[in-house]
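In what follows, a single structure is set out as structure tokens and then discussed.
The values are calculated or read from the model by the stated rules, or taken from the named source; none is laboratory data. On a predicted model such as this, the values are computed, not experimentally measured, just so you know. Reconstructed Cβ throughout: ideal geometry from the backbone, glycine too, with neighbour counts over all protein chains shown.
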Amino acid sequence: MTKQHYRYVTLFTVLCVTTVTVLILNLFAGSSAVSVAQATDILFGKSDNPTLSNIIFKIRLPRVLSACILGGALALSGYLLQTFFHNPIAGPFILGISSGAKLIVAVVMIFSAGLFFRVSSAFMIISSFFGSMITLVLVLILSRKTKNTALLVVSGVMIGYICSAVTDFLITFASDSDIVNLRNWSMGSFSGMTMENVRVIAITVTVCFILTFLLAKQIGVYQLGENYALNLGVNVRRLKIWLIILSGMFSACVTAFAGPVSFVGIAVPHIIRAMFKTAKPLVLIPSCFLGGSIFCMVCDMIARTVFSPTELSISTVTAIFGAPVVIAVMMKKKKGQF
């Protein structure tokens with residue numbers, strides 16, 4: 001094993017251990033104190049306290065698992081978008097893709113409430129994916145019109161604002177009490193998750209992760225330039241389609257269940273690149289997933305505990321930690337260091 005490979009293995013091990021540690025800490029932290037001994041007894045079925053068991057299994061465990069999986073999905077969505085656009089500040093939230101997905105999901109939920117039927121999780125993901133694709137197509141059209149990175153980002157932000165404004169308008173004038181509560185979802189939240197939600201999320205994200213990992217070698221060649229990839233026999237057009245579909249699916253799954261979560265998709269890939277000091281997709285894809293999981297779980301723990309019992313939206317906390325990374329990346333790009 002070379003020194004470089006040893007470094008990769010060491011850092012990846014650290015990410016795995018940190019992920020498990022933060023996940024366990026989330027089970028203990030909250031307005032209702034649960035000690036390590038109590039949590040251990042509950043997890044192994046040795047506790048006869050139904051209240052604490054419900055807190056762990058029905059509230060905290062589904063929430064932390066969804067934050068873990070969806071955080072990883074967001075980071076990979078950002079990584080794929082940055083690869084596709086060859087743009088270090090591309091991300092599902094920055095480009096307005098999350099906001100487009102949010103708009104369609106809100107429309108579907110309001111429509112279903114008006115007709116008094118329950119929308120399935122699969123239909124929610126499909127609706128969110130449809131919204132993501134609409135916004136992504138608009139961004140693609142704009143990217144063909146201009147090579148200016150700043151203009152592309154500003155255009156994506158404006159699209160996001162328009163979609164968010166329409167969503168807020170629909171939610172504000174919705175009469176159903178359940179729909180009015182969508183305001184919390186529209187700001188981003190992992191609360192209210194169930195184990196059934198976690199199962200759907202896990203299956204969807206796992207399939208997309210496997211497909212992404214299978215494209216790792218092609219992505220590595222594509223990063224060196226489209227002409228270079230074509231000369232090596234890579235079907236660039238097909239690869240681009242897969243990058244769009246997979247980034248859209250990752251973003252759609254997050255938005256369908258947790259609403260738009262800001263800055264994770266753009267910040268985490270840069271943090272992971274800085275840690276590993278490599279651009280190899282075989283290293284970055286699983287590492288970005290773990291990094292996104294840790295980032296979202298930590299932010300969610302802060303959101304629900306710092307001002308407990310008042311809970312902050314997850315996007316409020318992710319913006320506090322993610323925005324400085326975006327600023328740093330933009331400053332480096334301006335200096336020609338990226």
Can you list the helices (runs of 4 or more DSSP H) found entirely within the stretch 38-157 that contain at least 1 residues being among the basic types (Lys, Arg)?
-> 61-85, 97-114, 121-145
Out of (1) outside any helix (DSSP H, G or I); (2) in contact (Cβ under 8 Å) with a residue 12 or more places away in the chain, the one Phe307 does not meet is (2)
Scanning the stretch 17-40 for residues that are surrounded by 15 or more Cβ atoms within 10 Å (Cβ to Cβ) and not aliphatic (A, V, I, L, M), which turns out nearest to the chain's Cα centre (by Cα)?
-> Thr19
Yes or no: Ala274 surrounded by fewer than 24 Cβ atoms within 10 Å (Cβ to Cβ), within 23 Å of Ala328 (Cβ to Cβ) and without any contact (Cβ under 8 Å) to a residue 24 or more places away in the chain?
-> yes
Does Gly192 fit the bill of being more than 30 Å from Thr10 (Cα to Cα) and not in a helix (DSSP H, G or I)?
-> yes
Scanning for something within 19 Å of Ile69 (Cβ to Cβ), part of a helix (DSSP H, G or I) and of a type in the set (Phe, Trp, Tyr), does the stretch 9-27 turn up at least one residue?
-> yes
Does any residue in the stretch 161-182 that is under 18 Å from Ser132 (Cβ atoms) come within less than 6 Å, Cβ to Cβ, of a residue that is of a type in the set (D, E, K, R) and at pLDDT 70 or above six or more places away or on a different chain, and which pairs are these?
-> Thr167/Lys102
Examine the stretch 189-201 for a residue that is surrounded by fewer than 19 Cβ atoms within 10 Å (Cβ to Cβ), touching a Pro at 6+ places or on another chain (Cβ under 7 Å) and under 30 Å from Met109 (Cα atoms), and state whether such a residue exists.
-> yes
Go through (1) closer than 23 Å to Gln82 by Cα; (2) at pLDDT 85 or above one by one and return the number of the condition Val200 breaks.
-> (1)
Report yes if Leu239 is farther than 30 Å from Leu65 by Cα, in a loop (DSSP other than H, G, I, E, B) and out of contact with any Pro (no Cβ under 9 Å at 6 or more places or on another chain), otherwise no.
-> no
Looking at Leu43, Leu61, which is the one that is surrounded by fewer than 24 Cβ atoms within 10 Å (Cβ to Cβ), modelled with pLDDT of 85 or more and farther than 26 Å from Pro324 by Cα?
-> Leu61
Taking the stretch 204-228 and keeping residues surrounded by fewer than 18 Cβ atoms within 10 Å (Cβ to Cβ) and not in a helix (DSSP H, G or I) leaves Gln223, Leu224, Gly225
In the stretch 208-224, which residues are touching a Pro at 6+ places or on another chain (Cβ under 8 Å) and among the aromatic types (Phe, Trp, Tyr)?
-> Phe213
